[in-house]
Amino acid sequence: MIKRTLTSSFIAGSILVSQSALAYEAGNIFVKGGIATVDPQETSSDIIINTPSLGPASGAQVGLNSDTQLGLVFTYMATDRVGIELLAATPFKHDISGAGAIAGVGKLGDTQHLPPTLSVQYYLAEPDAKFQPYVGAGINYTLFFNEGTTQTLTDSIGALAELAGAPGVVATSTKLDIDDSIGASIQAGFNYELSDNMGLTAAVWWINIDADAEITADTNVGTVKANVDIEVDPYVYMLGAYYKF
């Protein structure tokens, strides 16, 4: 009787230990928060004057700076190895500056954006491991808003038109519009368990973002429109903590 009781207790204890040791199970929800940085790796086309149809302002390009905000990530474990993740954040803001033939002119404008990204992840370690590296891939939708221009851009319209073959243009005002972008993303990262429900997390994403921008200028020769295509393609870095439900 004593032997049978000890055996039953051992089996029950083993079951409880194995259940509590599973750090990752289907149905788990992770809420992550931390510092997120968007670091553009941009490639810019030449600015093209298309109204009137003048063509490119040869060599005149633009560049973007990086920005850091609060990052938020929500992960649902579909299985003990597969997660579905949504990346969100507070709005990022980027200055737009001259590059190429107009490098050094300074800030031409700015924009804010939100880059929600939905990914499917695969966790590489066993479900009971404290250190959980993962890889993932998904799709991104980037919403640009609050685009603004500077007097520097307005003052530069004449130089841009001259580079495109139309001297004598003087602008009085400008505005900027950037189309939203849809593109693929890939990621890698890890979680490290500190307790049953809390831990540390770090991740990096590469996101395909194509920013098609249109500049509209009121000038002494009428409305002048120009376009520039920027392959933003940023790396997004995040370092923070998580809570598991």
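One line per residue, one yes/no per condition, for (1) more than 27 Å from Y243 (Cα to Cα); (2) hydrophobic (A, V, I, L, M, F, W, C):
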| position | (1), (2) |
| --- | --- |
| E147 | yes, no |
| L153 | yes, yes |
| G165 | yes, no |
| K175 | yes, no |
| I178 | yes, yes |
| S185 | no, no |
| D210 | yes, no |
| A213 | yes, yes |
| D218 | yes, no |
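One line per residue, one yes/no per condition, for (1) at pLDDT 95 or above; (2) surrounded by 17 or more Cβ atoms within 10 Å (Cβ to Cβ):
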position	(1), (2)
S53	no, no
A60	no, yes
Y76	yes, no
V82	yes, no
L86	yes, no
A99	no, yes
Original post:
When you look at T117, is it touching a Leu at 6+ places or on another chain (Cβ under 7 Å), of a type in the set (S, T, Y) and farther than 20 Å from A211 by Cα, yes or no?
Top reply: no
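Quick grid of which residues meet (1) over 20 Å from D67 (Cβ atoms); (2) crowded, with 20+ Cβ neighbours inside 10 Å; (3) of a type in the set (A, V, I, L, M):
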| site | (1), (2), (3) |
| --- | --- |
| Q151 | yes, no, no |
| T174 | yes, yes, no |
| V204 | no, no, yes |
| E214 | yes, no, no |
| N227 | yes, no, no |
Original post:
Just a yes or no: is a residue in the range 183-193 buried (at least 20 other Cβ atoms within 10 Å of the Cβ) and of a type in the set (V, I, T)?
Top reply: no
Original post:
Which strands (runs of 3 or more DSSP E) sit wholly inside the range 181-220 and have at least 1 residues that are of a type in the set (D, E) and touching a residue at least 40 places away in the same chain (Cβ under 8 Å)?
Top reply: 181-193, 210-219
Subject >> Tally of residues being farther than 14 Å from T37 by Cβ, in a strand (DSSP E or B) and not aliphatic (A, V, I, L, M) across the range 221-245 >> reply: 9
Subject >> Long-range neighbours under 8 Å by Cβ, at least six apart or interchain, first residue basic (K, R) within the range 67-88, second buried (at least 17 other Cβ atoms within 10 Å of the Cβ) and modelled with pLDDT under 95 >> reply: R81/Y24; R81/P127
Original post:
Can you name the residue in the range 135-146 that is in contact (Cβ under 8 Å) with a residue 60 or more places away in the chain and in contact with a Gly (Cβ under 9 Å, 6 or more places away or on another chain) and is also nearest to G83 (Cα to Cα) among such residues?
Top reply: N140
Original post:
Here are some residues: N28, N65. Which one is within 30 Å of P116 (Cβ to Cβ), touching a His at 6+ places or on another chain (Cβ under 8 Å) and surrounded by fewer than 20 Cβ atoms within 10 Å (Cβ to Cβ)?
Top reply: N65
Original post:
Given the conditions (1) touching a Lys or Arg at 6+ places or on another chain (Cβ under 9 Å); (2) surrounded by 19 or more Cβ atoms within 10 Å (Cβ to Cβ); (3) within 30 Å of V62 (Cα to Cα), and given that T117 satisfies all but one, which numbered condition is not satisfied?
Top reply: (1)
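The values are calculated or read from the model by the stated rules, or taken from the named source; none is laboratory data. Because the structure is predicted, anything quoted here is derived from the model rather than measured. Note that we place each Cβ from the backbone using ideal geometry, even for glycine, and neighbour counts take in every protein chain shown.
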